[in-house]
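Novice: Please see the structure below; I have some questions.
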Amino acid sequence: MILGCLSVVLSLYNRLLDRTECKNQLLFGLLGNIMTEPNPNTLYPISGVERTVFLKNILDHPQVSVGDYTYYDDPLDVHNFERNILYLFEFMQDKLVIGKFCQIATGVRFIMNGSNHPMKGFSTYPFKVFGGAWADTPMQVVSKGDTVIGNDVWIGNGATIMQGITIGDGAIIGTNSLVTRDVEPYSIVGGNPAKLIRQRFDEETVTMLRTLSWWDWSPDKIAQHFELLNSGCKQQLQAFLEQA
Ligand SMILES: CC(C)(COP(=O)(O)OP(=O)(O)OC[C@H]1O[C@@H](n2cnc3c(N)ncnc32)[C@H](O)[C@@H]1OP(=O)(O)O)[C@@H](O)C(=O)NCCC(=O)NCCS
């Protein structure tokens with residue numbers, strides 16, 4: 001049935017080609033209709049695959065924000081990403097901010113500030129939480145601030161990000177890492193605690209990439225410059241920025 005439809009479309013297309021001088025325009029017009037950019041508001045961006053979601057479409061929490069095209073992959077329970085954001089409580093008022101085009105693998109977890117117990121006293125026991133006669137016990141819990149993940153960050157399977165961590169644009173977090181310190185843009189870290197494995201590019205290239213901020217471009221512009229974005233070529237990047 002599908003093959004039948006396809007052959008009808010192809011024969012119509014061939015007849016049109018025979019009659020028109022503008023074969024390329026016709027071809028690109030047709031392709032333009034078929035090859036639209038993925039829509040960031042789509043839940044399942046990969047046709048027929050229900051284990052990968054554009055994350056912002058499954059999260060609705062006032063303390064969490066996720067940028068366009070950031071995806072989460074999880075073969076078991078992709079819709080329940082909130083289970084990976086641990087100890088996020090309203091009274092702590094901390095936020096999880098995730099940029100655009102991040103790639104988040106199965107089991108990546110964010111430990112938020114509600115996980116902190118008092119540490120300055122002689123006991124870490126949270127007496128106050130249990131109320132009753134203990135309700136007025138002072139409890140000083142320290143917040144380490146918001147967790148901020150930049151743009152185009154790849155977080156490997158099972159990695160855990162601790163409270164108040166900032167991960168720079170373009171960073172890579174290795175499988176099963178425990179991230180306890182901020183991660184510089186375009187660096188690769190791994191291990192427990194996560195340590196620098198290497199920088200992805202030299203300092204000058206990183207500065208240029210951050211100036212480029214391609215993740216803020218329109219989808220159209222991104223598509224026009226895939227060659228540059230995939231090249232990893234410093235000279236090409238330099239030339240592009242000079243003529244921009
Ligand atoms: C971090 C990572 C990107 C590095 O890849 P790579 O550059 O090819 O790394 P290599 O295998 O050459 O290893 C380089 C060094 O990093 C170490 N390393 C690699 N991955 C590591 C990890 N997850 N934790 C700690 N150290 C790690 C290696 O032991 C090696 O150390 P050495 O130089 O002392 O021997 C990769 O190992 C990784 O973890 N990828 C994430 C995969 C994933 O989880 N994908 C999810 C589905 S999208």
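Just so you know, all these numbers are worked out from the coordinates, no wet-lab data involved. Keep in mind it's a predicted model, so treat the numbers as computed, not measured. Backbone-built Cβ (ideal geometry, glycine too); neighbour counts: all protein chains shown.
Novice: Can you tell me which residues in region 52-78 are under 18 Å from ALA159 (Cβ atoms) and either in a loop (DSSP other than H, G, I, E, B) or not hydrophobic (A, V, I, L, M, F, W, C) (or both)?
Specialist: The answer is THR52, THR70, TYR71, TYR72, ASP73, ASP74, PRO75, LEU76, ASP77.
Novice: Inspect region 121-134 for any residue being more than 30 Å from ASP68 (Cα to Cα), over 24 Å from the mean Cα position of the chain (by Cα) and in contact (Cβ under 8 Å) with a residue 40 or more places away in the chain and give the result as yes or no.
Specialist: There is no residue in region 121-134 that is more than 30 Å from ASP68 (Cα to Cα), over 24 Å from the mean Cα position of the chain (by Cα) and in contact (Cβ under 8 Å) with a residue 40 or more places away in the chain.
Novice: Which condition from (1) within 16 Å of the ligand (Cβ to nearest atom); (2) over 30 Å from ARG210 (Cα atoms); (3) crowded, with 18+ Cβ neighbours inside 10 Å is the one that LEU76 breaks?
Specialist: (3)
Novice: Mind listing just one residue for me: the one in region 160-176 that is small (Gly, Ala, Ser) and within 14 Å of the chain's Cα centre (by Cα) and, of those, nearest to the ligand (Cβ to nearest atom)?
Specialist: Restricting to residues being small (Gly, Ala, Ser) and within 14 Å of the chain's Cα centre (by Cα), the top hit is ALA171.
Novice: Continuing with this model, one more query. Of all residues in region 79-110, how many are within 16 Å of the ligand (Cβ to nearest atom), in a loop (DSSP other than H, G, I, E, B) and under 13 Å from the mean Cα position of the chain (by Cα)?
Specialist: Total satisfying the criteria: 5.
Novice: So which residues in region 177-192 are within 12 Å of the ligand (Cβ to nearest atom) and under 20 Å from SER115 (Cα atoms), if there are any at all?
Specialist: Scanning region 177-192 gives SER177, LEU178, VAL179, ASN192.
Novice: Something else now. Hey, does region 130-145 have a residue that's buried (at least 17 other Cβ atoms within 10 Å of the Cβ), in contact with a Phe, Trp or Tyr (Cβ under 8 Å, 6 or more places away or on another chain), among the hydroxyl-bearing types (Ser, Thr, Tyr) and on the phi < 0 side of the Ramachandran plot?
Specialist: No, that holds for no residue.
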